[in-house]
Amino acid sequence: MEKFIYTLKKLDKRWIYLLIFLSCIIPFWFPDMFPQEFSTSKETQRVYDIINGLNEGDAIFIDWAFDPTLQAELLPMAEQTIKQALDKKIRVFIYYPLLTGISLGENLLENIKKEPGYENIENGVDYIHLGYLPIGVDMVLFSMYSDFKATFGKEGKIFEGIKTFGDIKYMVSYAGSAHPEIYISLQPRFGFKMGAGVTAVVGPDMVPYLQTGQLDGMLFGLKGAAEYENLRIKSGAEKKYNQKANAGMASLNLSHIIMFLFIGLGNLVYFYERKYKKSI
Amino acid sequence: MKKEIPLLIGFIATIGWYLEFFMAGKFFENWKMIFTTGFRNVAIVGLLVGMVNVLRVNYKKIKYNNDRWYSVYQMFIIALMVFFGSLRGISPGTPFDAMFTYGFVPLDATVFSLLAFYVASASYRSFKIKSVESAFLLVAAILIMLSKMPLGEAMWSKIPVIGEWIMDGPTSAGKRAILFGAYLGGLTMMIRVAFGLERSHLSE
C-alpha cells in the first residue's frame, strides 16, 4: 500500500495532463459511450421560448463578448440563437465589445449561409455586424438609447423602424466574464428584456439576476448550448448542422470522471498520511 | 489651481452622473452625451498611445536586448496584419481574416485550453478534505459538476435538482452578500471622489 501511495504522491503531472488530454479527445470518436439524454433547464427553455415568441420583422440584439478562447462553449449558443431568429425572419444585430470577436462572428454567419435554408440571408437586411466601438458598454447603451443607427455609423435596410434600443425586442449577451452585469446594472433603468449565454464558470455568478428577473433566461455552459440545440432539433432543425455542443457532451463526461478520480486519489494520499502520521 | 480645477471637474462629473441616473430629462441626457463623446475620443487616442507604446518598447528591445527575435516576430506580425487589414479589409475571405482564422483562433484557443490541464493537476494536489468546511466545498463542487454534465442526470434524476438548489440557495446568497458589499464600497468611493477625499486619480 505504501508503495502505491508513494507512487501517487510522486506522480508526474504530465501523466495527469496526458489522461485529461485523452479523456477530451477519445470521446469524439466514441460519442455514444455515455448516455446522451438529458433534460432542458428552465433557464434555457425561457430564452428559447422568448425568441420563439417574437414576430417576423422584430429585432434582437446579440452582444458578442467572447473571442476564440471561449468558442467551444459560447459559439454553439450564439449559432443556435442566431439561426432561430433567422428562421423566424427576426432581424439580428450583432455588436462586438471585443475586437477579437469580430472575425469569429463574421465567419459564423458566412458558414450559416452555406447551410440549406440560409443561402439567401443578407448582411444589412436580415442581420448586421455592428462592429466594435472603443468605449465602454454602458456608454454604448446610453448612445443606443439616444440614436441606435448613429451609434454604430452603419447603413442598411435592417435599421428600418429601429430608432433607439427601445425598439429591440430582446437581447442576449454572450460572455465568459462578468460582462453581462454592465447591461444588468442598467436594465432596471431602461427596462429592456435580456438573456445571457455564459460559460459554466461564470454561470453561478448570474443566478441572482435570474432570481430578480433582470435576466429572463440563461444558457449555462456547454450543456446549456447542447440543450438549446436539442430544442431546435425537436422543432425541426436538421441535426447534421446543429450538434456542435452535443458532440462535446461525451468529452465533458469523461474529462470530469478523470477529474473526480484524481480528486479521490489526492484525498486517499492525504488520509493515508494523516492516519499513519507520516509524510511519504 | 492645478489641483482645484481637476477636483472641480471630478465633483461636477460625479454628481452630474449620479443625478442623471435618477432624473430623466433632456438636460441630463445631453449632459451624458457630452461625456459619452468625450470618452470615445479619449479611448481612440488611448488606442493610438497604446500602439505607439508597443512600437517604442519593442524598438528598444530590438536595439538593446538579447531576446530581440521575439520582438522582431511581434513587430512583423503587427505590421503584416495592419498591412493586410488596410489593403483589403477584414471581412471573411481576406488575407487578414485568413491570419485571424488560421493563426489567432487556434493559438488563442490553445492557450485557454491549457487551463483544463492546470485545473486537473491543481485539483489532484490541493482539493483535499482538511476540514468540515472543505468537505462541504468538495461535495458541493462535485454535485454542481455532476448537475452540469449529462452523466449526472443519468446516474440519478435528482442530481440536476440538487445542483439547482445549491446554486439558487447557498451560492446565490453568498454572491448577493459579496455584491452588496462591493456596491456599497463603490458608492463610498463615488462620494470620496466627488468631495476630493480620494485623489489617486490625480496621481496623489
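Only helices (runs of 4 or more DSSP H) wholly contained in segment A:1-77 count here; list those with 3 or more residues that are within 14 Å of A:Val172 (Cβ to Cβ) and assigned by TED's automatic domain parsing to the domain that holds A:Leu219.
By residue number, A:42-52.
Suppose we keep only residues that are aromatic (Phe, Trp, Tyr) and within 13 Å of chain A (Cβ to nearest Cβ) within segment B:78-99. Which one would you say is nearest to B:Arg56 (Cα to Cα)?
Here the residue is B:Phe84.
With respect to the numbered conditions (1) in contact with a Pro (Cβ under 9 Å, 6 or more places away or on another chain); (2) in a strand (DSSP E or B), which one is the sole condition not fulfilled by A:Leu130?
The number of the failed condition is (1).
Please find, among A:Glu119, A:Glu37, the residue that is at pLDDT 90 or above and among the acidic types (Asp, Glu).
Residue meeting the stated conditions: A:Glu119.
In segment A:91-104, what residues are crowded, with 21+ Cβ neighbours inside 10 Å and either touching a residue at least 60 places away in the same chain (Cβ under 8 Å) or of a type in the set (Gly, Ala, Ser) (or both)?
A:Arg91, A:Phe93, A:Gly101, A:Ser103
Does segment B:143-160 hold any residues that are at the interface with chain A (Cβ under 10 Å from one of its Cβ atoms), touching a Gly at 6+ places or on another chain (Cβ under 8 Å) and either in a helix (DSSP H, G or I) or more than 23 Å from A:Leu210 (Cα to Cα) (or both), and which are they?
B:Ile144, B:Met145, B:Leu146, B:Ser147, B:Gly152, B:Pro160
Of all residues being in contact (Cβ under 8 Å) with a residue 40 or more places away in the chain and either of a type in the set (D, E, K, R) or not assigned by TED's automatic domain parsing to the domain that holds A:Ala85 (or both) in segment A:105-151, which is nearest to B:Tyr18 (Cα to Cα)? Just the residue, please.
By that ranking, first place goes to A:Asp138.
Does A:Lys239 meet the test of being in the same structural domain as A:Asp87 (by TED's automatic domain parsing) and modelled with pLDDT under 90?
yes
Can you tell me which residue within segment A:143-162, out of those that are within 13 Å of chain B (Cβ to nearest Cβ) and either assigned to a loop (DSSP other than H, G, I, E, B) or in contact with a strand residue (DSSP E or B) (Cβ under 7 Å, 6 or more places away or on another chain) (or both), is nearest to A:Tyr95 (Cα to Cα)?
Filtering segment A:143-162 for residues that are within 13 Å of chain B (Cβ to nearest Cβ) and either assigned to a loop (DSSP other than H, G, I, E, B) or in contact with a strand residue (DSSP E or B) (Cβ under 7 Å, 6 or more places away or on another chain) (or both), the one nearest to A:Tyr95 (Cα to Cα) comes out as A:Phe152.
Which one is farthest from the chain's Cα centre (by Cα), of the residues in segment A:120-138 that are buried (at least 21 other Cβ atoms within 10 Å of the Cβ) and closer than 22 Å to B:Lys32 by Cβ?
A:Ile135
Which is within 30 Å of A:Tyr209 (Cα to Cα) and loosely packed, with under 13 Cβ neighbours inside 10 Å, of B:Gly174, B:Gly163?
B:Gly174
Which one of these is free of Cβ contacts under 8 Å to residues at least 24 places away in the same chain, farther than 29 Å from A:Phe152 by Cα, part of a helix (DSSP H, G or I) and out of contact with any Gly (no Cβ under 7 Å at 6 or more places or on another chain): B:Ile5, B:Ile34, B:Ile12?
Selected residue: B:Ile5, the only one of B:Ile5, B:Ile34, B:Ile12 that is free of Cβ contacts under 8 Å to residues at least 24 places away in the same chain, farther than 29 Å from A:Phe152 by Cα, part of a helix (DSSP H, G or I) and out of contact with any Gly (no Cβ under 7 Å at 6 or more places or on another chain).
Could you count how many residues in segment A:10-38 are in contact (Cβ under 8 Å) with a residue 40 or more places away in the chain, surrounded by fewer than 17 Cβ atoms within 10 Å (Cβ to Cβ) and within 19 Å of B:Ala120 (Cβ to Cβ)?
3
Does A:Gly248 fit the bill of being within 18 Å of the chain's Cα centre (by Cα) and away from chain B (no Cβ under 12 Å)?
Answer is no for this residue.
Can you say whether A:Val172 is free of Cβ contacts under 8 Å to residues at least 40 places away in the same chain, within 30 Å of A:Ala247 (Cα to Cα) and of a type in the set (A, V, I, L, M), as far as the supplied structure shows?
no
Would you be able to say whether some residue in segment B:102-117 is surrounded by 13 or more Cβ atoms within 10 Å (Cβ to Cβ), free of Cβ contacts under 8 Å to residues at least 12 places away in the same chain, out of contact with any helix residue (DSSP H, G or I) (no Cβ under 7 Å at 6 or more places or on another chain) and closer than 28 Å to A:Arg274 by Cα?
No.
Between residues in segment B:182-204 that are within 21 Å of A:Ser185 (Cβ to Cβ) and residues that are in a loop (DSSP other than H, G, I, E, B), which pairs lie under 6 Å by C-beta distance while being six or more apart or on different chains?
Cβ pairs passing all conditions: B:Arg192/B:Glu198.
All but one of (1) over 15 Å from the mean Cα position of the chain (by Cα); (2) within 20 Å of A:Lys88 (Cα to Cα); (3) hydroxyl-bearing (Ser, Thr, Tyr) hold for A:Tyr228; state the number of the condition that does not hold.
Checking A:Tyr228 against (1) over 15 Å from the mean Cα position of the chain (by Cα); (2) within 20 Å of A:Lys88 (Cα to Cα); (3) hydroxyl-bearing (Ser, Thr, Tyr), the one that fails is (1).
The values are calculated or read from the model by the stated rules, or taken from the named source; none is laboratory data. No experiment lies behind these values; they were computed from the predicted model shown. We place every Cβ from the backbone using ideal geometry, glycine too, and count neighbours over all the protein chains shown.
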